[in-house]
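The values are calculated or read from the model by the stated rules, or taken from the named source; none is laboratory data. In this text the structure is predicted, and so the values were computed from the model without any measurement. FYI the Cβ positions are ideal-geometry reconstructions off the backbone, even for glycines, and counts take in every protein chain you see. The accessibility values were calculated without ligands, DNA or RNA, using every heavy atom of the protein model including side chains. Shrake-Rupley method; radii C 1.70, N 1.55, O 1.52, S 1.80 Å.
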Amino acid sequence: MYIYNITTNIDETAQEKWLTWMQETHIPKMLATGKFTAAKMCKVLIEEEMGGHTYSVQYTTPNKETLEQYYKEYEAKFQQETMSLFAGLLVDFKTELQVVSEY
């Protein structure tokens, strides 16, 4: 199992709009691709020097191949949509995690 993690720092002025959009639009669209089996949104509990608020969204996918399919079929479209709504208001980075074990 793999986790596709996106960590985002969102400007204070756009936080509420971004949170609503993520929960009501973006995350449901990501799950509707059929490439992910679950999603979890977490608030990062540290204060950033740059200000804003930081969140981590973790999408579970069964394997690397499915994640690669997501990249090819959807990633550019989703990035473009995010930037058209929140350009200059967020900074994000992506991390791929391979689940080694669960307890």
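Quick look at the values:
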item	result
Members of region 17-27 that are open to solvent by 20 Å² or more (accessible area, probe 1.4 Å), within 17 Å of GLN79 (Cβ to Cβ) and without any contact (Cβ under 8 Å) to a residue 60 or more places away in the chain	THR25, ILE27
Residue that is nearest to LYS35 (Cα to Cα) [pool: residues in region 74-93 that are surrounded by 12 or more Cβ atoms within 10 Å (Cβ to Cβ) and among the charged types (D, E, K, R)]	GLU75
Selected residue (only one of ALA39, ALA32, ALA14 is among the aliphatic types (A, V, I, L, M) and open to solvent by 50 Å² or more (accessible area, probe 1.4 Å))	ALA32
Unmet requirement for MET50, which otherwise passes all of (1) open to solvent by 50 Å² or more (accessible area, probe 1.4 Å); (2) free of Cβ contacts under 8 Å to residues at least 40 places away in the same chain; (3) under 18 Å from ASN9 (Cβ atoms)	(2)
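Conditions (1) basic (Lys, Arg); (2) touching a strand residue (DSSP E or B) at 6+ places or on another chain (Cβ under 6 Å), marked per residue:
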{"residue": "ALA38", "(1), (2)": "no, yes"}
{"residue": "TYR71", "(1), (2)": "no, no"}
{"residue": "GLN80", "(1), (2)": "no, no"}
{"residue": "LYS94", "(1), (2)": "yes, yes"}
